[in-house]
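Worksheet: one structure, shown below.
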Amino acid sequence: MVEQGLHKAEVTGSTPVPATMKKRILSGITPSGSALHIGNYFGAVKPQIDLQYDNEAFYFVADLHALTTVQERGVLENNIKNVILDYLALGLDPEKCVFFRQSDVPAHSQMMVVLGNYVTFAHMQRMHAFKDKLQKGAVTDTINMGLFNYPILMAADILLYKPVAIPVGEDQRQHVEITRDMAESFNKKYGDILVLPEPMISKETGRVVGTDGERKMSKSLGNVIGIFEDEEVIHKQIMSCFTDPNRIKATDPGRVDGNPIFIFHDLLNDDKAEVSELKERYVKGTVGDVEVKERLFAAHKRTFKDARERRNTLKADEEMTRRILRKGAEEAATVANQTLREVYETIGIINSLNKK
Ligand code: TYM
């Protein structure tokens with residue numbers, strides 16, 4: 001596994017890559033919600049942005065994956081547009097990386113059909129997303145096959161590009177592992193065709209906790225701090241954040257370690273002197289939760305000011321986004337189609353009857 005510090009964006013996949021060559025990395029985001037939150041940002045998007053300069057990066061919006069949960073046309077359309085704008089506004093540079101939509105490259109779906117044959121039903125049943133649903137009381141006749149097959153589509157997304165590392169949050173580790181298993185099972189039969197990728201997960205930010213202070217920050221759990229929502233919404237999210245449950249009055253000495261409000265200060269607040277001062281006062285019981293939260297809100301505004309402005313500019317020019325996505329899809333398809341062809345030839349689907 002590649003452990004990665006936020007500012008140490010180095011890729012060291014197991015596949016040998018000549019030192020002079022850029023390393024290929026790949027990642028994606030599912031537009032299952034209408035906007036990215038700071039968990040997505042610090043866990044995945046920021047590391048991905050840092051990595052785009054020195055590596056050959058492929059980043060995409062996994063719109064087909066969203067169908068497992070979003071089945072209203074208007075909602076899906078809105079989510080896709082928002083997540084694309086969010087991703088670009090946060091600093092992903094389409095001149096430095098290949099940025100595209102999954103559905104614009106049909107090879108993803110084609111590769112999925114192939115890969116399903118190199119993983120067993122039992123293995124798929126052990127995947128978290130599926131198992132979690134069952135544990136939450138869902139019965140199998142309410143779980144769609146899109147959800148069950150989700151890891152196969154994700155393996156297709158990855159293996160088509162032969163990347164050495166996949167920068168993601170901790171919750172995606174199992175998906176990268178099953179991708180490796182599929183590639184291994186394929187290679188065992190046919191020789192070294194597919195590349196086994198490594199998950200690349202930040203030790204510090206691979207699992208950003210939610211405002212409830214317990215569970216992973218996640219839109220579906222309602223414990224997020226957004227990035228691009230109206231300021232009143234962000235303010236409310238920050239003000240509702242859990243702090244030290246044992247502290248009743250502002251004059252009680254408080255606990256800083258593991259306190260979500262300080263986890264967010266450490267992530268968001270560029271004024272490190274202010275963070276140290278607040279922590280000191282919190283421990284002594286000379287600052288109230290409200291002031292700590294208001295300062296976090298101010299830091300949030302500073303940190304995302306440029307991104308919010310960029311997003312407005314992008315939003316006003318849909319043709320620019322269309323151009324970016326067209327270019328990205330072309331570049332991505334060139335690589336993906338080459339691997340698909342190689343795979344088709346290897347397994348016997350391309351043969352003397354249809355070979356050009
Ligand atoms: P998604 O859209 O759920 O999340 C996007 C990225 O954000 C990370 N993340 C977090 N990181 C830290 N703390 C959190 N609280 C947090 N919440 C989310 C996720 O780990 C992820 O990196 N299946 C993927 C999308 C995908 C993909 C791929 C990724 C489709 N194909 C191929 C990599 C390679 C997903 O739904 O991520």
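The values are calculated or read from the model by the stated rules, or taken from the named source; none is laboratory data. Just so it is clear, the structure is predicted and the values come from calculations on it, not from any experiment. Quick reminder, even Gly has a Cβ in these numbers, built from the backbone with ideal geometry, and neighbours come from all protein chains shown. To get the accessible areas, we keep the full protein, side chains included, count just its heavy atoms, and leave off ligands, DNA and RNA. Shrake-Rupley method; radii C 1.70, N 1.55, O 1.52, S 1.80 Å.
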Exercise for review: Please find, among Lys284, Lys293, the residue that is open to solvent by 30 Å² or more (accessible area, probe 1.4 Å) and on the phi < 0 side of the Ramachandran plot.
Suggested key: Lys284
Revision key, fill the gap. Within segment 163-194, residues within 21 Å of the chain's Cα centre (by Cα) and part of a loop (DSSP other than H, G, I, E, B) come out as Pro163, Val164, Val168, Gly169
Exercise for review: Within segment 177-197, identify whether any single residue is within 24 Å of His300 (Cα to Cα) and among the hydroxyl-bearing types (Ser, Thr, Tyr), and answer yes or no.
Suggested key: no
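Might you check whether a residue that is over 28 Å from Leu88 (Cα atoms) and either within 23 Å of the chain's Cα centre (by Cα) or not aliphatic (A, V, I, L, M) (or both) occurs anywhere in segment 214-224? Explain how you work it out, then say what you get.
If we filter segment 214-224 for residues that are over 28 Å from Leu88 (Cα atoms), which is where we start, we get 214.
Subsequent filtering for residues that are either within 23 Å of the chain's Cα centre (by Cα) or not aliphatic (A, V, I, L, M) (or both) retains 214.
Yes, some residue in segment 214-224 is over 28 Å from Leu88 (Cα atoms) and either within 23 Å of the chain's Cα centre (by Cα) or not aliphatic (A, V, I, L, M) (or both).
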Practice item. Of the conditions (1) open to solvent by less than 60 Å² (accessible area, probe 1.4 Å); (2) within 14 Å of the ligand (Cβ to nearest atom); (3) out of contact with any His (no Cβ under 6 Å at 6 or more places or on another chain), Met154 clears all except one; give me its number. Key: (3)
Check your understanding: Is at least one residue of segment 239-251 more than 16 Å from the ligand (Cβ to nearest atom), among the aliphatic types (A, V, I, L, M) and touching a residue at least 12 places away in the same chain (Cβ under 8 Å)?
Key -> yes
**Study point:** Filter result for Ile193 (out of contact with any strand residue (DSSP E or B) (no Cβ under 6 Å at 6 or more places or on another chain), of a type in the set (A, V, I, L, M, F, W, C) and within 12 Å of the ligand (Cβ to nearest atom))
**Key:** no
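Say we look at segment 196-226 and pick out the residues that are in a helix (DSSP H, G or I) and more than 9 Å from the ligand (Cβ to nearest atom); which of these is least open to solvent (accessible area, probe 1.4 Å)?
Leu221
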Review point. Can you pull out the residues in segment 307-356 that are β-branched (Val, Ile, Thr), surrounded by 14 or more Cβ atoms within 10 Å (Cβ to Cβ) and in a helix (DSSP H, G or I)?
Key: Thr321, Ile324, Val335, Thr339, Val343, Thr346, Ile347
Point to revise | Flag for Tyr161 being touching a residue at least 12 places away in the same chain (Cβ under 8 Å), within 13 Å of the ligand (Cβ to nearest atom) and either open to solvent by less than 20 Å² (accessible area, probe 1.4 Å) or more than 22 Å from Leu36 (Cβ to Cβ) (or both) | key: yes
Point to revise | Test: His265 is within 12 Å of the ligand (Cβ to nearest atom) and either among the β-branched types (Val, Ile, Thr) or in a helix (DSSP H, G or I) (or both) | key: no
Check your understanding: Which of the residues that make up segment 5-46 are more than 24 Å from Gln237 (Cα to Cα) and at pLDDT 95 or above?
Key -> Lys23, Arg24, Ile25, Leu26, Ser27, Gly28
